[in-house]
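Encoded as structure tokens, the structure appears first; notes follow it.
The values are calculated or read from the model by the stated rules, or taken from the named source; none is laboratory data. Remember, it's a predicted structure, so these values are computed and weren't measured experimentally. Heads up, the Cβs are rebuilt from the backbone with ideal geometry, glycines too, and the neighbour counts pull from every protein chain shown.
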Amino acid sequence: MRKLLPIMIIVAVAVTALLMSKRKDQVRVRPQGPVVAVDFLTASFGNSVVFTMPDGRALVVDPAGSTATRRLVDYLRQAGISSIDVLLTRPGSGSEECLQRLFEAFEVRRVIHQGLPWPRPLEGPGGQIAEVLIYGGDSVRLCTGLRLIALSPLRGLEDNKSLPLVTCLQYGKTRFLLMSDANAEDEGYLIRSGQDLASDVLVIGRNGRLGRTSLELLFAVKPRHCIVLAGSGANRPSRGLLERIDGKNTGANVYRTDIHGIIKMISDGNVVTVEQ
């Protein structure tokens, strides 16, 4: 027994050190103060993204599809959300019918987009809805510490209404890069532009389709987490993309809504934490 005692002491010290190390890690990543919650929704909700601010208001990104928007309305109501902004990043998202459902269900403060055409002014039960047009280089303050930054397209392009709106949500030191429908040409522009693309979270463009999310983009962004908003069939991510963003190559955690379901994250402005 006496011979084993030194070994037992060494093991006990090692285990204690390991536990203390883990405890320190947990303390270091635990969110502090007001947080922004981010929900990456499944295809049944139109693969929308919802940023919920500390004051309870929300930014809804790319509502899509009549049935999906009905589910989205129920989801937001169950979360206790009553006031929203809407961000439309691509032609085809936020059809007039989708927006009207949101206008009827919530207080919609403004619709943010890059000049998408509407057949008539956007109106809700309380009157006309404010529209905010943003282009590369513009930013919108959403709440204290949270900014929406537009990276492309540039203002004045003849076809900018048909181009995807690439945006970055910055809360404190943390950043979420939303690539929308950006293709290889759009990615090339972003890389050449010299803009700061480094982000904690990269939301992969267009369901992870072939020809998107180049190695050059991944090198520029250096994400800790990659989110693939995907559905079934043709909306599944390509094998080539999954290989490029694999953690073995990027060091990032990869989450797919078609596999992991709704993905929830929170940011306290210093660190992004995955809740599920």
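Evaluate segment 145-160: report whether one residue or more is surrounded by 15 or more Cβ atoms within 10 Å (Cβ to Cβ) and in contact with a Pro (Cβ under 6 Å, 6 or more places away or on another chain). Yes, because at least one residue in segment 145-160 is surrounded by 15 or more Cβ atoms within 10 Å (Cβ to Cβ) and in contact with a Pro (Cβ under 6 Å, 6 or more places away or on another chain).
For segment 250-267, filtering for residues that are surrounded by fewer than 15 Cβ atoms within 10 Å (Cβ to Cβ) and touching a Cys at 6+ places or on another chain (Cβ under 9 Å) leaves 1.
Just checking, does segment 68-81 include any residue being under 30 Å from Q128 (Cβ atoms), among the acidic types (D, E) and either modelled with pLDDT of 95 or more or in a loop (DSSP other than H, G, I, E, B) (or both)?
Within segment 68-81, the subset under 30 Å from Q128 (Cβ atoms) is 68-81.
Subsequent filtering for residues that are among the acidic types (D, E) retains 74.
Those left that are additionally either modelled with pLDDT of 95 or more or in a loop (DSSP other than H, G, I, E, B) (or both): 74.
Yes, the conditions are met somewhere in segment 68-81.
Take V228 and tell me if it is crowded, with 18+ Cβ neighbours inside 10 Å and under 20 Å from L41 (Cβ atoms). Criteria met by V228. Inspect all residues belonging to segment 121-134 and state whether any of them is surrounded by fewer than 17 Cβ atoms within 10 Å (Cβ to Cβ) and either in a helix (DSSP H, G or I) or of a type in the set (F, W, Y) (or both). Looking for residues that are surrounded by fewer than 17 Cβ atoms within 10 Å (Cβ to Cβ) and either in a helix (DSSP H, G or I) or of a type in the set (F, W, Y) (or both), one finds none in segment 121-134, hence no. Could you identify the single residue in G94, G65 that is at pLDDT below 70, within 30 Å of D258 (Cβ to Cβ) and surrounded by 10 or more Cβ atoms within 10 Å (Cβ to Cβ)? Residue meeting the stated conditions: G94.
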